[in-house]
Amino acid sequence: MCGIVGAVASRNVQNILLEGLHRLEYRGYDSAGMAVLSEEGRLNRVRALGKVGALEARLGDSPLKGRVGIAHTRWATHGAPTEANAHPHQSGDSLAVVHNGIIENYETLKRELQGQGYVFTSETDTEVVAHLLAREYTLSQDLLTAVQKSVALLDGAFALGVIHRAQPDVLIGARQGSPLVIGVGIDEHFLASDQLALLQVTDRFIYLKEGDLVRMTAEQVEIFEQGERLITSTNERPIQIFEHAQDAASKGDYRHFMLKEIHEQSRVLAATLEGRLNGDRVLVRSFGSEAETLFSQVKQVQIVACGTSYHAGMVARYWIERLAGIPAAVEVASEFRYRPVVVADGTLFVTLSQSGETADTLSALRYAQSLGGFLGSLAICNVPGSSLVRESDLSLMTMAGPEIGVASTKPSLPSWSA
Ligand code: GLU
């Protein structure tokens, strides 16, 4: 679940999109890419493995010029982190799409599309969306209709941004289970998975609701509820001004940060689950591309953590045993790492840490890996690029944001809902 940025403007959008990607860096990513419609009517794309800086370097060599574009940072769920799997994905040289989330029925759709002659060049679920859109566009010759028809065929949690070279002044977005917000500028409009990506260009936002589809030009925004009903009243999707004072570094009306952060718990929990659920089911792939195989073999869980995270682990143990019906043990990392451990068959090693750099927890993970008997490791963590996340097989990122209060209040929340 990573980042989307889109823009339709009367100026060059490359640097707006790039800055947006930089602002989403805190969420972690494995690759990044951008597609822009040129003045000459071409669809140009640049992608790079690794950091946004790598994409920036490529754009330095071959800049993208144009007034409509989409960009993405990817956190792979389907297919390895490679340049070929990086977004935007295209069908031919006319249409490009960026996607956050998971398309659950992609295998069925892929077989159908391959049968119709569409050739796939990536391992992602996203490429199915690109070809589906191309097929529907061929039938209707209208991008909005193509998106409406395609989205109706998709099962899963996703947010999309779509452009087509035959409609060079249009940017379309769709939201279903994964966040998407519109940024309102002066004669320009933007799209992002997180408003933070757009604070450089606007502080006016329209928050899309589940099932919303949006068609934007530089001058106009049309929102379709459940993809169909055009919303005519601005009361239904009002423009809201973002108050900079609400950000993480300010206490707002709270007496201290600890209190503020406790009150943020419900919002953080909702943000963490967003894009990871389809109805009342958890999208297992959101833990990583190996998650389905690994989870199906789990017979028990060993949780290891320190401090507040350890206490969250104690709660998680009750929940896991009650809901999943498998044994769970929890141990303080500084004990675990120094004792001889007997590893039972089919044990998943789970670590919890706010920073992902907690020394004892990290050492415990390395010790567990050196023992060799664990099925695999899962890190529940707030910092995507941290050592714990990089060195674990699977990860679940919390959306706690920066925590100023000394006692951690949010990073281990997802374990409560596991
Ligand atoms: N499922 C898509 C992929 O693996 C999108 C992942 C994301 O949200 O970044 O490419």
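For GLU112, the conditions (1) away from the ligand (no atom under 15 Å from the Cβ); (2) in contact with a His (Cβ under 8 Å, 6 or more places away or on another chain) all hold with the exception of (2).
Every residue, every condition in (1) buried (at least 22 other Cβ atoms within 10 Å of the Cβ); (2) closer than 25 Å to GLY92 by Cα; (3) acidic (Asp, Glu); (4) more than 24 Å from the chain's Cα centre (by Cα), yes or no:
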site: LYS149; (1), (2), (3), (4): no, yes, no, no
site: ASP155; (1), (2), (3), (4): no, yes, yes, no
site: VAL162; (1), (2), (3), (4): yes, yes, no, no
site: ARG165; (1), (2), (3), (4): no, yes, no, yes
site: ILE172; (1), (2), (3), (4): yes, yes, no, no
site: VAL184; (1), (2), (3), (4): no, no, no, no
site: SER233; (1), (2), (3), (4): no, no, no, yes
site: PRO238; (1), (2), (3), (4): no, no, no, yes
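Residues that are touching a Pro at 6+ places or on another chain (Cβ under 8 Å) and either at pLDDT below 95 or farther than 25 Å from MET399 by Cα (or both): does segment 282-291 have at least one? No, segment 282-291 has no match at all. A count restricted to segment 12-31 and to residues that are hydroxyl-bearing (Ser, Thr, Tyr) and modelled with pLDDT under 90 stands at 2. The number of residues in segment 36-66 that are in contact (Cβ under 8 Å) with a residue 40 or more places away in the chain, among the hydrophobic types (A, V, I, L, M, F, W, C) and outside any loop (DSSP other than H, G, I, E, B) comes to 3.
For ALA130, the conditions (1) of a type in the set (A, V, I, L, M); (2) more than 25 Å from ALA271 (Cα to Cα); (3) more than 16 Å from the ligand (Cβ to nearest atom) all hold with the exception of (3). Please identify the pairs in which a residue from segment 95-106 that is under 13 Å from GLY69 (Cβ atoms) has its Cβ atom under 6 Å from the Cβ atom of a residue that is within 10 Å of the ligand (Cβ to nearest atom) and outside any strand (DSSP E or B), counting only partners at least 6 apart or on another chain. Pairs that qualify, where the first residue is under 13 Å from GLY69 (Cβ atoms) and the partner is within 10 Å of the ligand (Cβ to nearest atom) and outside any strand (DSSP E or B), are VAL97/VAL129; VAL98/HIS87. Of the residues making up segment 211-227, those that are more than 22 Å from the chain's Cα centre (by Cα), among the charged types (D, E, K, R) and assigned to a loop (DSSP other than H, G, I, E, B) number 1. Restricting the first member to segment 262-284 and to residues that are touching a residue at least 40 places away in the same chain (Cβ under 8 Å) and assigned to a helix (DSSP H, G or I), and the second to residues that are among the polar types (S, T, N, Q) and surrounded by 14 or more Cβ atoms within 10 Å (Cβ to Cβ), the beta-carbon pairs closer than 6 Å and six or more apart or on different chains are ILE262/THR409; THR272/THR398. Only one entry in VAL315, VAL330, VAL282 is closer than 30 Å to HIS99 by Cα and either of a type in the set (A, V, I, L, M) or exposed (fewer than 14 other Cβ atoms within 10 Å of the Cβ) (or both), namely VAL282.
No other residue among GLY101, GLY69, GLY6 is within 13 Å of the ligand (Cβ to nearest atom), in a strand (DSSP E or B) and surrounded by 23 or more Cβ atoms within 10 Å (Cβ to Cβ) apart from GLY101.
Just wondering, is there one or more residues in segment 57-70 that are closer than 24 Å to VAL128 by Cβ and basic (Lys, Arg)? No: zero hits.
Checked against (1) at pLDDT 95 or above; (2) within 18 Å of ALA407 (Cα to Cα), THR308 passes all but condition (1). Restricting segment 74-96 to residues that are among the hydroxyl-bearing types (Ser, Thr, Tyr) and either over 18 Å from the mean Cα position of the chain (by Cα) or within 7 Å of the ligand (Cβ to nearest atom) (or both) leaves a set whose member that is surrounded by the fewest Cβ atoms within 10 Å (Cβ to Cβ) is SER94. Of all residues in segment 285-298, exactly one satisfies the criterion of being free of Cβ contacts under 8 Å to residues at least 60 places away in the same chain and either within 13 Å of the ligand (Cβ to nearest atom) or assigned to a loop (DSSP other than H, G, I, E, B) (or both), namely SER296. Residues that are charged (D, E, K, R) and more than 19 Å from LEU283 (Cβ to Cβ) were ranked within segment 133-158; the one that is farthest from the ligand (Cβ to nearest atom) is ASP142. Here are the criteria: (1) under 19 Å from ALA157 (Cα atoms); (2) surrounded by fewer than 21 Cβ atoms within 10 Å (Cβ to Cβ). Tell me which single one LEU208 does not satisfy. The number of the failed condition is (2).
The values are calculated or read from the model by the stated rules, or taken from the named source; none is laboratory data. As the structure is a computational prediction, the values presented were derived from the model and not from experiment. We place every Cβ from the backbone using ideal geometry, glycine too, and count neighbours over all the protein chains shown.
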